[in-house]
1. How would THR237, THR5 line up by accessible area, probe 1.4 Å, largest first?
2. Sorting TRP48, TRP250 by accessible area (1.4 Å probe), largest first, what list results?
3. Jot down the radius of gyration and Dmax of the stretch 42-193, Cα atoms only, both in angstrom.
4. With a 1.4 Å probe and all protein chains in place, put HIS227, HIS221 in order of accessible area, largest first.
5. Taking Cα atoms of the chain, Rg/Rh with Kirkwood Rh, to two decimals?
6. May I ask for the distance between the Cα centers of the stretch 1-15 and the stretch 71-89, given as a whole number of Å?
7. I'd like the accessible area for ILE151, computed on protein heavy atoms only with a 1.4 Å probe and all protein chains in place. Round to 10 Å², please.
Amino acid sequence: MRIGTRGSALALAQARQVAALLGGSHELVEVTTSGDRGASDAGDKERWVRELDAALLSGAVDCAVHSAKDVPSRVPEGIVIAAVPERADPRDALCGASALAALPAGARVGTSSLRRTAQLRALREDLSVVDLRGNVDTRLRRLADGDYDAIVLAAAGLERLGRGNEGVAVEELVPAAGQGCLAVTTRAGEEDLVSMLGHDASRRALLAERAVVRALDADCHTPVGAHASPLPGGGLTLRAFVGAPDGSAWVRDELDGDADEALGAAVAERLLSAGAREVLGR
């Protein structure tokens, strides 16, 4: 099978993981996306997936592997998320300090995420939260060089690159929708190519989280977090966060339920009723 992937170290690690789960011999086809070329259109999540979608639709690849948090809440016609393998750690990880509480006032904390920025500022207004760009290795190197006192990354990304011991989980932050999940896409009608990779609990959680994002009309430049975790009886607990980038206002909610997408829509409606639209400046 020809597996489409971006060419970053993390993307290739994820594609190799999917290839190993599939078993047998498969070809990794590296595709350069608009995001890889430096495009930064405000709110344009598609810059990370557009060219991979095109490769799928043209028949150049048979499936594509994405970080689920990078996949827009609405996928193009003719493409489906065919499988969600078992989720890795969905939490954010703090590198450079043992905990948020251990950071001194004025500490420089690096992140490229508005979601993390909003939550960090809401939790610790005395921190200096500053922009940090580059791949995982670049970010960790800048931390080691002393450009930052601490940085926040996805725990799953660190684990997949074999660097999981360099961060500690931050329980206080609500993760991005889909964080820790892989989304394997195929052409519609060809889901059976990868359906054996699917993990039902991870898929259900992802559906609920993506429903929150879709109902809020959020994008990668919207400070929104959503995380669903399984309940013993088969339902889900869904936590969500909407905040202003400067940390001045935020809304959080938590709700248990059984229906995946309906639960996400219900949480989004509760957030909107509590003022999320005003917090987002809409």
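The values are calculated or read from the model by the stated rules, or taken from the named source; none is laboratory data. These figures come from a predicted structure and were not determined experimentally. Surface accessibility is based on the protein's heavy atoms, side chains included, excluding ligands, DNA and RNA. Shrake-Rupley method; radii C 1.70, N 1.55, O 1.52, S 1.80 Å.
1. On the way: THR237 20, THR5 0 Å².
Largest to smallest exposure gives the sequence THR237, THR5.
2. Details: TRP48 60, TRP250 120 Å².
Order by accessible area, largest first: TRP250, TRP48.
3. 17.4, 54
4. Working: HIS227 30, HIS221 75 Å².
The ordering from most to least exposed comes out as HIS221, HIS227.
5. Working: Rg = 18.4 Å, Rh = 19.2 Å.
Answer for the chain: 0.96.
6. Cα centroid of the stretch 1-15 versus Cα centroid of the stretch 71-89: 15 Å apart.
7. 0 Å²
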